[in-house]
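I have placed the structure first, in the form of structure tokens, so that the comments after it can refer back to it.
The values are calculated or read from the model by the stated rules, or taken from the named source; none is laboratory data. Given the structure is predicted, the values throughout are model-derived calculations rather than measurements. Note: ideal-geometry Cβ built from the backbone for every residue, glycine included; neighbour counts use all protein chains shown. For accessibility, only protein heavy atoms count, side chains too; no ligands or nucleic acids. Shrake-Rupley method; radii C 1.70, N 1.55, O 1.52, S 1.80 Å.
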Amino acid sequence: MSQGFSIELYFDPALENQVLKAWNVLARSQISTQLIEIESRPHITLFSSTFLDPPKLESVLKSFASKQGPLPISFSSIGTFPNDKNVLFLATVPTMALLQFQAQLCEAIKKEGIEIGEEFKADSWVPYCPVAQEVPKTRIAVAFCVLRELKLSVSGYAMDIGLVEFSPVREYFSFEFGNAVEP
């Protein structure tokens with residue numbers, strides 16, 4: 001049974017591999033394997049909703065992606081949210097380019113009659129890249145230490161956008177940015 005849908009921002013291969021390295025180290029340390037188990041892909045969630053009509057969004061995302069170029073992405077720190085989901089993430093530097101990208105995407109979605117939830121509105125959205133979910137509370141401190149020791153290379157580019165259903169993750173489609181060149 002689907003828990004929902006999300007529009008995700010995907011990275012260039014080098015940055016994606018750095019995030020996968022973090023996932024794998026956390027899995028080997030027996031801290032969290034959930035992102036691997038649900039077959040997720042390293043990403044930043046741009047929008048999420050319980051109900052969406054994927055065919056309705058396909059042309060919107062294709063058109064939106066065709067007008068984009070590589071988007072610089074940097075992660076500045078490791079974080080967690082103050083809730084019971086025990087998610088650990090790489091905090092994304094909220095550059096003006098990234099914030100405008102997400103706001104423009106939400107405007108394009110809104111024109112299709114899709115409501116934008118509060119957490120994805122321009123003044124509320126927090127960009128982040130999950131590296132672990134459902135981390136046992138007794139392992140959070142260890143997870144932070146493990147992630148700090150990795151000294152990840154934390155800059156790269158977003159190169160494509162996709163729509164997924166979760167969980168487990170099933171990608172409906174993804175589109176590379178129109179002016180994408182290898183960084």
Practice task
Please report, as a whole percent, how much of the solvent-accessible surface of the chain comes from carbon and sulfur atoms (probe radius 1.4 Å).
Solution key: 52 percent
Exercise for the section: Give the accessible surface of the chain per residue, rounded to a whole number of Å², with probe radius 1.4 Å and ligands, DNA and RNA excluded. Expected result: 52 Å²
Fill in the blank from the handout: Using alpha-carbon positions, the gyration tensor of region 68-159 gives root eigenvalues a ≥ b ≥ c; with a/c under 1.5 called rounded, otherwise prolate if a/b exceeds b/c, else oblate, the class is oblate
Problem - Model label zone, Lys151; criterion: amide N under 18 Å from point 7 Å along Cα-to-beta-carbon; scope region 16-42 - result: 18-19, 21-22, 25
Practice task
Please find the FRET efficiency linking Asn17 to Thr138, where r is the Cβ-Cβ separation and R0 is fixed at 30 Å, and quote it to the nearest 0.05.
Solution key: 0.50
Problem - Cβ crowding within 10 Å averaged over residues, with 76-86, 105-115 ranked highest first - result: 105-115, 76-86
Fill in the blank from the handout: Amide H proximity to Tyr172 below 5 Å, modelled H, separation 5+ or other chain, gives Leu163, Val164, Glu165
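Which entries in Lys85/Lys151; Lys21/Lys85; Lys62/Lys110 show an alpha-carbon gap greater than 19 Å? Before the final figure, lay out the partial values.
Working: Lys85/Lys151 25 Å; Lys21/Lys85 22 Å; Lys62/Lys110 16 Å.
Beyond 19 Å: Lys85/Lys151; Lys21/Lys85.
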Practice task
Sum -39500 (n - 2.57) across every DSSP H segment of at least 4 residues in the chain, then divide by the residue count to get the 222 nm mean residue ellipticity, nearest 500.
Solution key: -10000 deg cm²/dmol
Practice task
Under 1.5 on a/c is rounded, so check that first for region 1-52, then, if it is not, pick prolate when a/b is larger than b/c and oblate when it is not; a ≥ b ≥ c are the square roots of the alpha carbon gyration tensor eigenvalues.
Solution key: oblate
